[in-house]
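The values are calculated or read from the model by the stated rules, or taken from the named source; none is laboratory data. Everything quoted here is computed from the prediction, not taken from an experiment. Here the Cβ positions follow ideal geometry from the backbone for every residue, glycine too, while neighbour counts run over all protein chains shown.
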Amino acid sequence: MAPTEAGIHDNCLPSHLGLVQAEVENALKKQAQAAAAASTEQPALPNTHAVKESFQRKLYPQGAEVFREGQAGRYAYLIERGRVEVSARRRGKRYTIATLGPGDLFGEMALLDRRVRSATATVLDETEVVAISRDQLQRKMKTADPVLDLLVKVILHRFRSTLRHLLESENLAPDVQSETGGLRAVGEATRELAITQIKMAEELRAALERDEFRVFYQPIVRLRDGQTAGLEALIRWQRPAHGLVPPAGFLSLSEDTGLICPIGRWVLERACADLAGFQKRFAAAAPGSPSLFVSVNVSAQQLQDPEQVAALGEVVERSGIDPAQIKLEITEGLLIDNPEAASVALEGLKRLGVKLAIDDFGTGYSSLSYLRRYPIDTVKIDRSFVEAMRKDHGSLQIVRAITQLAQTLGMDVVAEGVERQEDIRHLQEFGCHYAQGYLFSKPAPFRQMLNFLGKRIRN
Ligand code: C2E
Ligand code: CA
Ligand code: CA
């Protein structure tokens, strides 16, 4: 390992080193300790003086290094005046990551994740900075909103992997490798992304208070008689100035920030309240038909914490809806990552009397015998299988086998993503009981779905 590149290796582990992870980590630890001991990060500060909250002000002459790759990071710096270049070395060549000016913050990454510096900061013009120590920053992060703390870590992780990828890439176009090309753009894009996500997390939190979430409903149809058996509740965000945002646009941030728990509870509450209306309309339109159920997606996070599970139970009880008409859809992830917590949560929910479905079956671990360990009532075959079933015989056989085995084990089967009449033909042939998809209806708001229920039965 070339000693001059030591600083980059901590964050940008080149795969060709051939070292196993533990060795690399060990080497890095030693390197960080040595770097900490030899740190030159404390320049002479003739005019250091206390500023608010005892942050230090430091003055650097032109050409000085504020810090160097490989050193232990002790401070983050906010530029008051002057200019600083942040650069990194790769294969003997130095790349400029960013040129920063007044108001810019640098050096914060090594403070946040306790790694050694992955870049060198050099003063271009005489520069005055405010130095924030690791302790100060950590105190700030502790008192900051936990959402912000988490977000910073997530974004930092993303930034580091993107940077690593770029630095390791053999295929960087020459112009991207030039002085201020790609890396700087990545830095700026990441900063933009960080700001956008932090703002959006705040907006998401406010969205709950401002009642900006909506629940759309998609019918689940009984194939025997073509009647609606239940409705899946699917969240949307009516985001001001953005319009209707689908779940893909905000659910992962909700998961990262833990907001998924209050949001998920809200969906359940809304869906239970709406179900009463749907059932009433449906009973009038199709007298004698079995009562409608509602299916609600539940994130693994909501089931990992017993308090959250209890909160779901309270929502069900308060709603006055027969729990047997409420189905909670979970994905296999929880069962695989945390089988004990899953067992406890699922047994608890079953005691309430709700039904449980495994969503997106076929995309994960996908073993029906494994599922038998849990009190699962329904298996939802992922739409990718139904789609593939149109094209190849193998997928057709898989859908047939899943359907038959699930039913032998006493579980219902819902085929997702049914878009064509021919899908129905196959599913009926396999004895599949339920289907859901655009063929019947796209997810629609409450009123539209009420009309759908009424019309469909009259036709
Ligand atoms: P999912 O649970 O698998 O829901 C079905 C998704 O497939 C829905 O997307 C639905 O609009 C779409 N879909 C239904 N039929 C068809 C079809 O025939 N063709 C195609 N191409 N797509 C079809 P949507 O509403 O965008 O939801 C995406 C995912 O977001 C859901 O997938 C679910 O995992 C998650 N989600 C939605 N609402 C909630 C919620 O309240 N809580 C949680 N935790 N997750 C939710
Ligand atoms: Ca679902
Ligand atoms: Ca699904």
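At a glance:
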item	result
Residue check, residue 352 free of Cβ contacts under 8 Å to residues at least 40 places away in the same chain, within 28 Å of residue 315 (Cα to Cα) and more than 13 Å from ligand 1 (Cβ to nearest atom)	yes
Pick from region 270-312, criterion surrounded by fewer than 14 Cβ atoms within 10 Å (Cβ to Cβ) and not in a helix (DSSP H, G or I), ranking: nearest to ligand 1 (Cβ to nearest atom)	290
Matching residues in region 80-95 - criterion: being touching a Leu at 6+ places or on another chain (Cβ under 6 Å), closer than 20 Å to residue 130 by Cβ and buried (at least 18 other Cβ atoms within 10 Å of the Cβ)	84, 85
Unmet criterion (only one of (1) in contact (Cβ under 8 Å) with a residue 24 or more places away in the chain; (2) more than 16 Å from ligand 3 (Cβ to nearest atom); (3) within 16 Å of residue 212 (Cα to Cα)) for residue 264	(2)
Looking only at region 231-278, and only at residues there that are small (Gly, Ala, Ser) and closer than 17 Å to residue 445 by Cβ, the one that is nearest to ligand 2 (Cβ to nearest atom)	233
Residue identified as among the acidic types (Asp, Glu), within 16 Å of ligand 3 (Cβ to nearest atom), closer than 30 Å to residue 291 by Cα and at pLDDT 65 or above among 232, 212	232
Pairs with Cβ under 8 Å, 6+ apart, first in region 394-409 and over 10 Å from residue 381 (Cα atoms), second surrounded by 14 or more Cβ atoms within 10 Å (Cβ to Cβ) and of a type in the set (D, E, K, R)	406/412
Flag if residue 265 is within 23 Å of the chain's Cα centre (by Cα) and farther than 25 Å from residue 372 by Cα	yes
Residue selected from region 403-417 under the condition away from ligand 1 (no atom under 16 Å from the Cβ) and of a type in the set (A, V, I, L, M), by the criterion surrounded by the most Cβ atoms within 10 Å (Cβ to Cβ)	406
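Here is a yes/no grid of residues against (1) in contact with an Asp or Glu (Cβ under 9 Å, 6 or more places away or on another chain); (2) within 16 Å of ligand 3 (Cβ to nearest atom):
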site	(1), (2)
306	no, no
309	no, no
329	yes, yes
363	yes, yes
374	yes, no
381	yes, yes
